[in-house]
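The values are calculated or read from the model by the stated rules, or taken from the named source; none is laboratory data. Everything numeric here is computed off the predicted structure, so don't read it as measured data. FYI the Cβ positions are ideal-geometry reconstructions off the backbone, even for glycines, and counts take in every protein chain you see. Ligands, DNA and RNA are stripped out before the accessible areas are found, and what is left, the full protein with its side chains, is counted by its heavy atoms. Shrake-Rupley method; radii C 1.70, N 1.55, O 1.52, S 1.80 Å.
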Amino acid sequence: MESNNPALRNAPQFKRGGYAGFDATPRGGASTASYGQPTLEEMYKAPSAGPAETGRMTYDDVVVRAGMTLGTVVVLGAVSYFLGNPLLMIVGMLGGLVLGLVNSFKREPSPVLILAYAALQGLFIGGISRFIDNQYLGGSSVAVQAVIATVAVFAVMLVLYRSGAVRATPKFRRILIGAVLGYAVFCLINFIFAMFSSGLGLWSGPLGLVVGAVGAVLASLSLVLDFDFIETGVKNGIPQRYAWTAAFGLTVTLVWLYIEMLRILSIIRSMAGD
């Protein structure tokens with residue numbers, strides 16, 4: 001019976017006797033394997049297909065895609081920092097917020113939108129790093145120290161997670177999500193105050209240090225949820241495309257962690273200078 005799909009119907013692989021003797025029986029009645037095609041015995045003895053062959057997500061998939069998103073953040077962040085244009089920071093902040101929400105609520109990951117989000121976040125963190133250096137530190141930079149601190153925290157949390165010292169239990173997840181939402185509301189209130197005054201002083205003094213420490217702890221613990229999603233996804237064999245979702249989650253958390261580290265280090269540096 002012929003296929004109703006024109007592509008399959010016209011393809012020689014799906015025609016009887018039309019591709020390398022497919023389904024052809026030579027004279028004498030003995031059926032032989034087609035040239036270059038594995039025999040039934042060879043197929044039986046072949047090793048089972050792994051996740052890569054079946055289109056399932058692997059740790060390597062996540063590492064590659066996270067490398068692409070974080071690399072985009074770093075490159076665009078460096079460009080924004082050295083240009084020092086406040087407009088780039090504003091565009092990155094607003095655009096990153098919009099695309100962050102879009103990517104969070106999309107049922108299927110979009111590599112283009114995720115990379116665009118990473119680019120906008122790069123513009124934002126590069127711009128805010130330059131702004132903090134000029135506004136509070138007189139041009140002295142703490143961006144490199146903030147990057148090192150972020151990488152160090154990421155490495156520590158990964159070791160703790162892999163060792164089983166920290167696990168994403170249902171109770172842990174509920175408490176952390178509630179705390180993150182509360183922290184987000186607090187930051188939103190400060191942002192509203194900052195539009196009409198100097199805000200609540202979250203980038204200076206003891207209060208800024210406390211808020212930065214709370215944010216850094218929450219961001220660090222949020223990495224546990226990202227690790228849990230990746231591990232569970234690989235074990236359950238979710239489709240490969242969701243490696244982009246994992247990369248997006250890691251990018252969101254690491255950008256947040258970097259900003260908190262930037263806040264803490266800039267306050268410590270400014271207080272030490274005073």
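Things worth noting here:
- Considering (1) modelled with pLDDT of 95 or more; (2) open to solvent by 50 Å² or more (accessible area, probe 1.4 Å), the lone condition that Ala272 does not fulfil carries the number (1).
- Residue check for Leu94: within 18 Å of Ala246 (Cα to Cα) and in a helix (DSSP H, G or I): no
- Tabulated pairs, segment 164-177, first touching a residue at least 40 places away in the same chain (Cβ under 8 Å), second surrounded by 11 or more Cβ atoms within 10 Å (Cβ to Cβ) and in a helix (DSSP H, G or I), C-beta under 6 angstrom, 6+ apart or interchain: Val166/Leu160; Val166/Val224; Ala168/Val224; Ala168/Leu225; Ala168/Asp228; Leu176/Leu221
- Exclusive hit being touching a Leu at 6+ places or on another chain (Cβ under 6 Å) and open to solvent by 40 Å² or more (accessible area, probe 1.4 Å), set Leu94, Leu76, Leu101: Leu76
- Only a single criterion out of (1) among the aromatic types (Phe, Trp, Tyr); (2) open to solvent by less than 40 Å² (accessible area, probe 1.4 Å); (3) more than 22 Å from Ser222 (Cβ to Cβ) is not satisfied by Phe131, namely (2).
- Among (1) open to solvent by less than 80 Å² (accessible area, probe 1.4 Å); (2) modelled with pLDDT of 95 or more; (3) closer than 22 Å to Met261 by Cβ, the one test that Ala116 misses: (3)
- Pairing each residue of segment 226-246 that is β-branched (Val, Ile, Thr) with any residue that is open to solvent by 30 Å² or more (accessible area, probe 1.4 Å) and assigned to a helix (DSSP H, G or I), provided the two are 6+ apart or on different chains, yields C-beta distances under 8 Å for Ile230/Tyr59; Val234/Pro51; Val234/Tyr59; Thr245/Phe229.
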